[in-house]
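Throughout, read-outs are computed from the coordinates displayed, never taken from laboratory work. Everything quoted here is computed from the prediction, not taken from an experiment. Cβ: placed from backbone, ideal geometry, glycine included. Neighbour counts: every protein chain shown.
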Amino acid sequence: MKIAVLAVQGAFLEHEKMLKSLGAEVMELRKAEDLLGDFDGLVLPGGESTVQGKLLRELNMFDPLKRRIEEGMPVLATCAGLILLAERISNGGERYFATLPVTVRRNAYGRQLGSFFAEEAVKGIGRFPMEFIRAPYVEQAGENVEVLGTVDGNIVAVRYQNQIGVAFHPELTAHDGMHRKFLEMC
């Protein structure tokens, strides 16, 4: 199984290490030509959603990736990746793929000083360590969106069809449950 990791900006190396430790073959998406290769799933990492969105368009990767997501390619989106998938951003900012029917609040916990750690249950995985770094959360989940996890009443993990979106960074912990769940989808 081959997983493509968006590698134009953000925390992509940690995802690659986690996926490789689970036996997946990994390829990086850095330019449009990389999309010509075959892959079974896509990881949209944390980082800066505005920068990632801009680079996706400038590198002519946006439309082909959106099409693959809409056609059912499994996606794991973490932090900024969740913002890239969201249909709506409640506190401003550009919409990107808009394939996940949720409303997301960017930097919902504040800036860098608002970063924190929590351990809560994630549906289908169990208790999970969650690293939040300038994290968003889901204010509203649309119809048929399955809520997988909450922290302090805020939705921080969802699944909709072929897409898993989480507000935290599972790649920064030793727990591989989120990546396992994603690989099962692939």
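Going from the fewest other Cβ atoms within 10 Å to the most, the residues 12, 39, 117 appear in the order 117, 39, 12. Compute a Gaussian network model of the chain, connecting alpha carbons closer than 10 Å, and tell me which residue from 42, 65, 22 fluctuates the most. Between 42, 65, 22, it is 22 that shows the largest mean-square fluctuation. Among the GluC sites (Glu not before Pro) in segment 112-149, those placed in a DSSP loop whose Cβ has at most 14 other Cβ atoms within 10 Å are 143. The alpha-carbon of residue 123 sits under 29 angstrom from the alpha-carbons of these lysines, leaving out residues fewer than 8 places away in its chain: 2, 17, 20, 66, 181. Since only 92, 47, 122 are under comparison, the one whose Cα sits farthest along the positive direction of the charge dipole of segment 1-153, derived from C-beta charges on Lys, Arg, Asp and Glu, is 92. Pairs of Cα atoms nearer than 8 Å and 6+ residues apart set the relative contact order; for segment 19-118 it is 22 percent.
Order by neighbour count: 96, 109, fewest other Cβ atoms within 10 Å first, most last.
Values: 96 25, 109 19.
Result, fewest neighbours first: 109, 96.
Shown for 1, 185, 178: other C-beta atoms within 10 Å of each C-beta, ranked fewest to most, produce the order 1, 185, 178.
Starting from the Cα-Cα distance between residue 60 and residue 115, subtract it from 0.36 nm times their residue separation and give me the gain in nm to one decimal. All intermediate terms of the calculation are to be shown ahead of the outcome.
Numbers: separation 55, 0.36 × 55 = 19.80 nm, distance 3.26 nm.
The span from residue 60 to residue 115 would gain 16.5 nm if fully extended.
Overall dimensions of segment 113-172, expressed as equivalent-ellipsoid semi-axes from the Cα gyration tensor (√(5λ), whole Å, largest first), are 18, 13, 10. Relative contact order of segment 110-186: 26 percent, from C-alpha pairs under 8 Å at least 6 residues apart in sequence.
Restricting attention to segment 2-185, close to 55% of DSSP beta bridges with both partner residues there are antiparallel.
The average projected area of segment 2-185, computed from the convex hull of its Cα atoms over all directions, is 9.1 nm².
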